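Beneath this line is the structure, given in structure tokens, with notes to follow.
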Amino acid sequence: MTSPADTAQGRNKMTGLMAKQKAVKDAPNRLMRIATRSAAISLLAIGGSFAWLIFSTLPQHNERQSQRASHELAAGQAQLLNDWVQQLQARLAAAASDPALASGLAASGADLSALQASLQKAFPEAQTLRLIALGPLGIANLNDGAAGLRNNIEADMLRRVSDGSQSGPEAYRLDKTWHVSFVQPIVASGNNYASGALLLTLPATRVEQLLNSHLAGRGSSALLQQFGNQAKTVAAAGTGDVEALRELQPLSVAQWRLQFTPAASWLKSWSLPPLPLWLAFAFSALATLAGALLGASDIRRALARNSTSLPDAGSQSVAGAASPRAQQQSGVEPAAALASPAQEKPAQPAQQRVEEIEHPSAAIPDTIFRAYDIRGIARHQLTDDIVYQIGLAIGSEAVDRGQQEVIVARDGRASSPAIANALIRGLRDSGRDVVDIGMMPTPLLYFATHKLGSSSGVVVTGSHNPPEYNGLKIVLGGRALAGAAIQTLKERIAQRHFSSGTGDYREARIEDQYIDYIVNDVAIAQPLKIVIDAGNGVTGVVAPRLFQELGCDVIPLYCDIDPDFPHHHPDPTVADNLRDLVQLVRENGADLGIAFDGDGDRVGVVSASGAIVPADRLLMLLAQDVVSRNPGADVLFDVKCSRNLNSVISSYGGRPIMWKSGHSFMKEKMAETGALLGGEFSGHIFFNERWFGFDDGMYAAARLIEVLSTTDPNLDNHLASLPSAISTPELKLDTSEQAKFDIIGKLVNNGEFGDGKITTLDGLRVDFPDGWGLVRASNTTPSLTLRFEAADEGALARIQSIFKDQLAAIDPQLHFGF
């Protein structure tokens, strides 16, 4: 007899079995719902992507993009003018605060010409800078012509500041030419009126140069001056033709406005290119795949649930349920044999970036990542695997900067072909296309980034270092990588943060185009006899031919490429490396000797007498030539250069700017300031006038020959007219890679230099009344670099002694060779 408990248990089993059977029956409906949901998700994603595509290509959207771009550029131009005004006013205020001016104005019958001449040197860009007395009560008779005023506007400006108050600049036309004048009152201590004023006048072309330097074909900008309802154009630059998007920007000077008109050719870059259509298709495909994967995952879970909903294989037969034996006989697997979710291998996510893909990852020494390039010992610190990873990092950085094509060159070192091949593999595996220009000097790589349709490139070169060294100099998007940008590459490698793809490869030739460009640019009035020492470096493939086509009588020296540099290291800053050049110049009665470093971005010069010309003195001569055509031009030089450059550049009418050493740092500063000329004591010379702003020893030599051939071919005569001082070459103190930075830090914080003026722009430079000294951490070797200059031998010895005492107090192990 069945007990009540057995009856209840049977009912429970029957209920559970019916529920499971219902679940199995509903499975198709559930699968249909899953499929429907997945399809809906995919359709919504596809529809959304195409809706975005349609929206983004609407004229209204593109117009808004153009308006925004135009507004941002106009605002940038306005800020540029505001900064220029502010800087000039600050410089005038600083000059007017000199007590000597107030004293000179107070002296009865004082001759102000000496003071005015000194002020003029402080403002070399000025057309005129006049020191004008306003009288004991701050009121002068400004109409009698004694002050040399040229119109009522200048007189009115002086009246406005006669009570010591400030007044903004004003523009006016004089002899059909626009000028801009600034005025600054000179107020003696304790007075509440101005005893005099500085009246600074500049040509409006200065404003045009400023505006044009940041337009780059994107439109036109104009400075307008408005009094009442009448506006006049003071200065204009560029070309713009989309008047519908023209806008006015207010300026810090109340009556001035900045008018910007965009160029249609520039605005086209803001309309949506064909790429988003491909993105839409790609996104749609990914959305469909995601929906399918989601649906497949849901189906697997549903099947797993259904399998557990089948009748329990271990239970007794109830209401006709098949027994396990019957299931086996019918060919149906017992439920326990079905795969459960826990047993399934989880789906792997789609791999989208190389950092998720395994690459060889040899340890990369930190020391190869220098301040402005990558450099180390080939085959040890720059192995194929390490260079391949660097190539991946450079290519990935190029992706982030919107650069698709990267130009590659190499020097003549034995290790350069293998390094170039590893670099190219890394670049291509990052998805970048490579243009290989072969064995070429570094300047031709830079030139190629301006002429081959890509603004990015890498050159494999050890520069002037011994044969076992090699390295990489990198340009991305027209900017040389330096400082933090170099460290970013190291971080990419450490984090495996790479892009992936398969880039194309092609070869190109550039030397003919390079030579033709220089021959068409440089005018040689009379042929010069020159000796060219390539130091067995890579310039031997180009330099002799270049100067022959310029019309020079060329005597080659060590112009065959030899990776072992058997005659001397290709470093023209070391006098011992130039002995053979000096001898050959004298023996052949040559006008000039020219030496290049291993990759051709630096130049050394020897005069007809055999004198080795330091690069800072060469820069003085080149500055005279450039500034004579471009009054007020900025000229850049590094902290190792002679301070005589300041007075020479100013006396020619230019503006001297001292900056930190390093070719990448100098190029950045050239771009920032718009300087037309720059130079380093190491022999890097940068031309922005008629050239592209990068360092090129061959082009610098061509420009020097142009100057000599059109004036006096005897370089010694030119040098004799320049100021000179007693100076040392670069001096090296060997130390460790880390210690060199520690020593400089301690010297800056704890060094005692008496009345010397300290500059910490790059290392520590101390200027004394009779000379200066410099110590800095070398960017290329584990050493400290020092240089000294003074008015006489006694001052030079004293300054050197001060530096040695301070350095020895920090590190007694330093060995001084001077």
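Throughout, read-outs are computed from the coordinates displayed, never taken from laboratory work. In this text, all values refer to a predicted model and were calculated from it rather than measured experimentally. Please note: Cβ atoms are built from the backbone with ideal geometry, for glycine as well, and neighbour counts cover all protein chains shown.
Applied to the range 77-83, the Karplus parametrisation 6.51 cos²θ - 1.76 cosθ + 1.60 on θ = phi - 60° returns per-residue 3J(HN,Hα) values of 5, 5, 5, 4, 5, 4, 5 Hz, with x for Gly and Pro.
Determine the distance separating the Cα centre of the range 585-643 from the Cα centre of the range 150-198; give it in Å without decimals. Taking the Cα centre of each part, the range 585-643 and the range 150-198 sit 42 Å apart. Here the range 737-818 yields Rg over Rh of 0.94, to two decimals, using C-alpha coordinates and the Kirkwood radius. With Cα atoms as the point set, the radius of gyration and Dmax of the range 355-509 evaluate to 13.7, 39 Å.
Which aspartates and glutamates have a Cα lying under 20 Å from the Cα of LYS176, excluding residues fewer than 8 positions away in the same chain? Output for LYS176: GLU154, GLU208. Backbone phi angles across the range 155-161, fed through the Karplus curve with coefficients 6.51, -1.76 and 1.60 (θ = phi - 60°), yield HN-Hα couplings of 4, 5, 4, 5, 4, 5, 9 Hz in residue order; Gly and Pro are listed as x. Residue order for LEU814, LEU807, fewest other beta carbons within 10 angstrom first, comes to LEU814, LEU807.
Which number comes out as Rg/Rh for the range 512-616 once both Rg and the Kirkwood Rh are worked out on C-alpha atoms? Working shown, then result.
Details: Rg = 13.0 Å, Rh = 13.7 Å.
Ratio value, two decimals: 0.95.
When the Cα positions of PHE227, ALA171, SER70 are compared along the charge dipole of the range 58-271, SER70 comes out farthest toward the positive end, with charges on each C-beta of Lys, Arg, Asp and Glu.
Sort 702-715, 245-258 for me by packing, meaning the mean count of neighbouring Cβ atoms within 10 Å per residue, highest on top. Spell out each step's value before the answer.
On the way: 702-715: 19.4, 245-258: 16.9.
The packing order, highest mean first, is 702-715, 245-258.
Residue order for ASP638, ASP163, fewest other beta carbons within 10 angstrom first, comes to ASP163, ASP638. The range 526-569 and the range 746-783 have their alpha-carbon centroids 37 Å apart.
Under 5 Å from the amide H of ILE186 lie the amide H atoms of SER195, GLY196, ALA197, LEU198, each residue being 5 or more positions distant or on a separate chain, with H modelled from the backbone and absent for Pro and chain starts. In this structure the amide hydrogen of GLY240, modeled in the peptide plane, comes within under 5 Å of the amide hydrogens of SER220, none closer than 5 places in sequence on its chain. Pairs of lysine residues in the range 727-810 that meet both criteria, 8 or more places apart or on different chains and Cα atoms under 17 Å apart, total 4. Per-residue Cβ neighbour counts within 10 Å put ILE374, ILE437 in the sequence ILE437, ILE374, beginning with the fewest. Size descriptors for the range 583-739: radius of gyration and Dmax over Cα atoms are 15.4, 50 Å. The separation of the range 437-479 from the range 79-105, counted between C-alpha centres, amounts to 43 Å. As a length-normalised measure over Cα pairs under 8 Å and 6 or more apart, the relative contact order of the range 727-810 settles at 34 percent. Take every Cα pair under 8 Å whose residues are at least 6 apart in sequence, average their separation, divide by the length of the range 58-271, and the relative contact order is 22 percent.
In order along the range 529-544, phi translates into HN-Hα couplings of 8, 10, 10, 10, 10, 8, x, 6, x, 6, 5, x, 7, 10, 4, x Hz, rounded to whole numbers, per the Karplus curve 6.51 cos²θ - 1.76 cosθ + 1.60 with θ = phi - 60° and x for Gly and Pro.
Each residue, ALA494 and ALA216, gets one label point 7 Å from its Cα in the Cβ direction; the gap between the two is 3.1 nm. Extension gain for the segment ALA155 to PHE816, taken as residue separation times 0.36 nm less the Cα-Cα distance, is 231.8 nm to one decimal. The Kirkwood radius of the range 58-271, taken over pairs of alpha-carbon atoms, gives through the Stokes-Einstein law at 20 °C and 1.002 mPa s a diffusion coefficient of 113 µm² s⁻¹. Applying a threshold of 26 Å to the alpha-carbon distances of LYS121/LYS640; LYS268/LYS451; LYS490/LYS660; LYS490/LYS640 flags LYS490/LYS640 as lying beyond it. In plain terms, if you count all Cα to Cα distances in the range 689-787 and split them into 5 Å steps from zero, the share in each step is 2, 10, 15, 13, 13, 14, 14, 10, 6, 2, 0 percent.
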